[in-house]
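In what follows, a structure is listed as structure tokens, so that the remarks can point back to it.
The values are calculated or read from the model by the stated rules, or taken from the named source; none is laboratory data. What you see is a predicted model, and the numbers here were worked out from it, not measured in a lab. Heads up, the Cβs are rebuilt from the backbone with ideal geometry, glycines too, and the neighbour counts pull from every protein chain shown. Ligands, DNA and RNA are stripped out before the accessible areas are found, and what is left, the full protein with its side chains, is counted by its heavy atoms. Shrake-Rupley method; radii C 1.70, N 1.55, O 1.52, S 1.80 Å.
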Amino acid sequence: MRRIKVILVKEWRESARNKMILFGAIFLPLFMVAAALVMVYQGKGIDVPAAEVALFNTALMYFLILPAIIPLAIAAYSIIGEKEQGSLEPLLATPISDLELFLGKALASVIPSLIITWASFGLFIGVCILLLGGLPPHVLTPPWIAAIFGLTPLLSLFSVGVTMLVSSRASDARAAYQISSFAVIPAIVPLILYTSRKTLVSLWLIGLEAVVLVAAGAIVLYLAIKVFQREQILTRWK
Amino acid sequence: MIEAQKLTRTFGAITAVSDLDLAVEKGEVFGFLGPNGAGKTTTIRMLAALIAPTSGSATVAGFRVGRENRSIRQNVGVLTETPGLYKRLSALDNLLFFARLYGVNSPEKQAERYLRLFELWDRRDQLAGGFSKGMRQKLALARALLHEPQVLFLDEPTAGLDPEAAKVVRDLIETLRTRERTIFLCTHNLDEAERLCDRVALFKTRLVALGRPSELKERMYGRRTVVRLLDPPAGIEEALDLPFIKRIERDDGALVISLTDPERENPILVKRLVELGAKVQSVSELDVRLEEMYLDVMEGDDAAD
């Protein structure tokens with residue numbers, strides 16, 4: 001646990017000096033909050049039920065994209081940065097275990113992405129109350145709360161697993177970031193499909209997505225842990 | 001402190017290290033010499049418990065490779081071929097990170113100690129990315145020493161450094177040898193090896209030769225005395241009929257005489273030359289450079305293959 005914390009602190013110190021990561025961690029959430037506000041503002045009191053559904057589902061989607069997209073940059077730079085600097089071998093020469101290293105790297109991406117997502121959601125709620133004079137309908141309902149606090153950790157873990165897998169084979173952080181962007185798909189596809197049925201997000205949908213994400217996440221994390229072995233890193237990573 | 005028996009590592013059909021047997025004593029500076037691609041880095045990686053051997057066994061600092069890997073990593077320091085520093089972290093943060101990973105008791109004090117020893121204390125808050133090559137290498141060496149390892153693996157510590165920076169690193173290694181630390185030095189800088197190492201191994205996938213540099217040279221070339229004469233008389237080589245002389249060659253006008261025990265035999269040789277009417281200008285021992293021997297041994301090994 002002590003060594004995981006040491007890795008976490010180091011990763012965050014490095015990330016704080018990386019403009020690309022900082023930009024993504026500050027401006028992307030602000031943009032998503034603004035976009036979600038526009039959606040709920042337009043959806044408030046609209047007479048067309050299908051449009052209302054689409055607007056509120058899209059607003060929720062922005063908060064599900066965040067935990068999937070924020071860790072991409074952190075995880076990609078965390079692995080590729082080590083490769084570029086040649087720092088993996090000295091790191092692997094320490095008594096840290098493969099799992100501790102993996103968890104340190106993974107949590108360094110997951111924790112900030114969740115904090116930022118939840119903070120963004122809090123900001124969204126606050127601005128809604130201030131500007132709209134109260135919470136719009138369909139927000140802070142059980143499906144929204146389940147999605148924001150239940151799905152986001154799963155989305156973040158899935159995203160980190162995919163990025164670590166891709167980064168183990170890539171030598172360029174931007175390329176790894178772009179390829180790993182496919183990890184956002186589980187955050188948006190179910191909502192788009194559900195919206196096409198002209199129904200607001202339900203607990204059933206959130207539960208189904210959670211089951212799928214747990215299964216997909218378990219597979220991805222298993223594969224990521226498998227490639228995150230000292231021997232593999234030193235002899236097979238490019 | 002380091003023992004290997006039949007240590008072997010293959011990568012698919014390629015054998016990187018084959019049947020390596022060696023023993024390195026505590027406090028010894030051991031040179032591991034070989035060309036690029038000889039398997040030196042693979043050997044270090046096996047001994048530092050970074051990769052597993054395909055077959056054979058080894059113990060490092062009393063721990064068995066493959067069974068007590070974590071203990072090995074806790075007790076060895078590794079300086080990799082590239083410094084591998086975190087460029088976005090300061091020199092101090094780089095050291096503190098590793099000190100904490102190694103579980104050093106007082107990371108701040110230990111980091112300060114090595115930054116001062118390597119004259120980097122005044123630049124402790126500077127990002128490592130802004131350091132010169134020599135400073136980076138010094139910082140990497142400090143990192144490898146932070147946890148006071150019993151065994152230090154140095155992989156090409158002066159590669160890519162300018163002569164001044166290389167001298168600084170060599171001087172640092174010199175200071176380390178006085179501290180009872182076993183140093184396993186991988187290099188293809190033969191002058192460096194000759195200057196620093198107690199013993200050297202010539203290695204090319206397998207062990208080609210092993211011993212003290214002076215022993216190896218003696219074993220290969222014997223000991224040779226160079227005698228410079230003023231106007232050497234004709235037929236002097238044939239006239240020199242002393243029983244201990246193994247061979248006489250001419251090199252740039254001088255006589256190069258192979259002997260067994262120059263300390264005892266040189267006075268007799270000089271006396272005989274004077275008796276033969278030769279005017280002796282100087283007598284010295286021919287010192288073969290390790291580089292010359294290395295090239296001869298490796299060429300011989302290529303021919304044998």
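Close contacts from the stretch A:209-238, counting a first residue that is in contact (Cβ under 8 Å) with a residue 24 or more places away in the chain and within 14 Å of chain B (Cβ to nearest Cβ) and a second that is surrounded by 15 or more Cβ atoms within 10 Å (Cβ to Cβ) and not in a helix (DSSP H, G or I), with Cβ to Cβ under 8 Å and a gap of 6+ residues or different chains, come to A:Arg230/B:Leu50; A:Arg230/B:Ile51; A:Leu234/B:Leu50; A:Leu234/B:Ile51.
Any idea which of A:Leu130, A:Leu123 is under 23 Å from the mean Cα position of the chain (by Cα), open to solvent by 10 Å² or more (accessible area, probe 1.4 Å) and not polar (S, T, N, Q)?
Matching residue, one of A:Leu130, A:Leu123: A:Leu123.
Each residue in the stretch B:243-288 was checked for being among the polar types (S, T, N, Q), more than 22 Å from B:Arg212 (Cβ to Cβ) and under 30 Å from the mean Cα position of the chain (by Cα), and 0 of them qualify. Of all the residues in the stretch B:37-63, those that are part of a strand (DSSP E or B) and touching a strand residue (DSSP E or B) at 6+ places or on another chain (Cβ under 7 Å) number 6. Could you please let me know if A:Pro143 is under 26 Å from A:Phe182 (Cα atoms), open to solvent by 10 Å² or more (accessible area, probe 1.4 Å) and away from every other protein chain (no Cβ under 14 Å)? The answer is yes for A:Pro143. Within the stretch B:53-77, the set of residues being within 7 Å of chain A (Cβ to nearest Cβ) and either in contact with a helix residue (DSSP H, G or I) (Cβ under 6 Å, 6 or more places away or on another chain) or without any contact (Cβ under 8 Å) to a residue 24 or more places away in the chain (or both) comprises just one member, B:Arg70. Within the stretch B:1-36, the set of residues being assigned to a loop (DSSP other than H, G, I, E, B), in contact with a Ser or Thr (Cβ under 9 Å, 6 or more places away or on another chain) and open to solvent by 10 Å² or more (accessible area, probe 1.4 Å) comprises B:Met1, B:Glu25, B:Lys26, B:Gly27, B:Glu28.
Restricting attention to the stretch B:85-119, report how many residues are of a type in the set (Asp, Glu), more than 18 Å from A:Arg13 (Cβ to Cβ) and not in a loop (DSSP other than H, G, I, E, B). If you could, list the steps in order and put the result at the bottom.
Within the stretch B:85-119, the subset of a type in the set (Asp, Glu) is B:93, B:108, B:112, B:119.
Next, from what is left, pick out any that are more than 18 Å from A:Arg13 (Cβ to Cβ): B:112, B:119.
Going one step further and asking which of them are not in a loop (DSSP other than H, G, I, E, B), we end up with B:112.
Of the residues in the stretch B:85-119, 1 are of a type in the set (Asp, Glu), more than 18 Å from A:Arg13 (Cβ to Cβ) and not in a loop (DSSP other than H, G, I, E, B).
Scanning for something surrounded by 22 or more Cβ atoms within 10 Å (Cβ to Cβ), within 14 Å of chain A (Cβ to nearest Cβ) and not in a helix (DSSP H, G or I), does the stretch B:120-134 turn up at least one residue? No, there is no match, as no residue in the stretch B:120-134 is surrounded by 22 or more Cβ atoms within 10 Å (Cβ to Cβ), within 14 Å of chain A (Cβ to nearest Cβ) and not in a helix (DSSP H, G or I). Has the stretch B:278-291 got any residue that is among the aliphatic types (A, V, I, L, M), without any contact (Cβ under 8 Å) to a residue 60 or more places away in the chain, outside any helix (DSSP H, G or I) and open to solvent by 40 Å² or more (accessible area, probe 1.4 Å)? Yes, because at least one residue in the stretch B:278-291 is among the aliphatic types (A, V, I, L, M), without any contact (Cβ under 8 Å) to a residue 60 or more places away in the chain, outside any helix (DSSP H, G or I) and open to solvent by 40 Å² or more (accessible area, probe 1.4 Å).
Among the residues of the stretch A:1-51, the ones that are within 14 Å of chain B (Cβ to nearest Cβ), more than 26 Å from A:Leu123 (Cα to Cα) and either part of a loop (DSSP other than H, G, I, E, B) or of a type in the set (Gly, Ala, Ser) (or both) come to 1 in all.
Would you say B:Leu89 is in contact with a strand residue (DSSP E or B) (Cβ under 9 Å, 6 or more places away or on another chain), more than 13 Å from B:Phe184 (Cα to Cα) and either within 14 Å of another protein chain (Cβ to nearest Cβ) or modelled with pLDDT under 90 (or both)? Steps first, please.
On the way: in contact with a strand residue (DSSP E or B) (Cβ under 9 Å, 6 or more places away or on another chain): yes; more than 13 Å from B:Phe184 (Cα to Cα): yes; either within 14 Å of another protein chain (Cβ to nearest Cβ) or modelled with pLDDT under 90 (or both): yes.
Yes.
Considering each of B:Val200, B:Val208, B:Val169 in turn, give the residue that is over 30 Å from B:Ala278 (Cβ atoms), aliphatic (A, V, I, L, M) and in a helix (DSSP H, G or I). Sole residue among the options that is over 30 Å from B:Ala278 (Cβ atoms), aliphatic (A, V, I, L, M) and in a helix (DSSP H, G or I): B:Val169.
Kindly provide the set of residues from the stretch B:225-237 that are open to solvent by 30 Å² or more (accessible area, probe 1.4 Å) and under 21 Å from B:Ile268 (Cβ atoms), ordered by number.
B:Arg228, B:Leu230, B:Pro232, B:Pro233, B:Gly235, B:Glu237
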